[in-house]
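The values are calculated or read from the model by the stated rules, or taken from the named source; none is laboratory data. Values in this document were obtained by computation on a predicted structure and should not be read as measured data. Positions of Cβ are generated from backbone atoms using ideal geometry, with glycine treated the same way; all protein chains shown enter the neighbour counts. Ligands, DNA and RNA are excluded from the accessible area calculation, which covers all protein heavy atoms including side chains. Shrake-Rupley method; radii C 1.70, N 1.55, O 1.52, S 1.80 Å.
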Amino acid sequence: MQTKSGAEQAPAEAGHAEAGAAPPRRRHAQSNRERILAVARTELIRDPDASMDDIARAAGVVRRTVYGHFPSREALVAGLAEEARRDILGAVEGAQRDGDSPEEAVARFDLAAWRGGDRYRLLISFAQRNLGDGGIPAMLAPVRDRSIELIAVGQRSGVFADYLPAPVLALALEGMCVALLQAVNEDVRVTAVDQAVASLVALGVPAARAIEVVTRVAASDEAEAAR
């Protein structure tokens, strides 16, 4: 039986070497992408007119690397919006608890959404002016879907008012949350508890009851996080 010469074996060995090198290259590319997004979030908040060149310099990469991940400034803004959407959705889904009443479920949802939104509040303000394809409403659609489910459950049980359909109320509450985040940008003091109480009141829960529920849920969440 003939054996392959060293020259014949080289291509196969090279192929194996390339296959082994691919994961580190992918990890490096992912690391670059994450760094570009993190720097872009800071730079665009600091200077909404920051160029792709400005972002490349701040990230410590060449311009070609930025364009390799994001072919345009619009694509970069969309990438930032997707990051925000994913993090906020993860926060509200992680806040779900079996056995919560409709009031508790909405309170927990709003507290989590505010924490996620607060991290991105300056970006949200920027994105409202620069994000295409439906803007902020499209970006938050998956989060709104969860809000609709929670409101509908409360309406069916008679806990929440049904003067408007759940999808309309969810959109209204979303708009209020974004407006309150913008108020924080303008140095108005608004807390997660304030926003969650306002949501429950808008859903027809008496103010005193809303304050009691939200305060209790917030304390429970804090205690759980401390453990």
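Annotations
- Every residue from the range 152-193 that is assigned to a helix (DSSP H, G or I), more than 13 Å from GLY117 (Cβ to Cβ) and without any contact (Cβ under 8 Å) to a residue 24 or more places away in the chain: ALA152, GLN155, ARG156, ALA166, PRO167, VAL168
- Test: GLU174 is exposed (fewer than 14 other Cβ atoms within 10 Å of the Cβ) and of a type in the set (D, E, K, R): no
- Top-ranked residue of the range 59-98 - restricted to ones that are part of a helix (DSSP H, G or I) and under 18 Å from ALA225 (Cα atoms), ranked as most open to solvent (accessible area, probe 1.4 Å): GLU93
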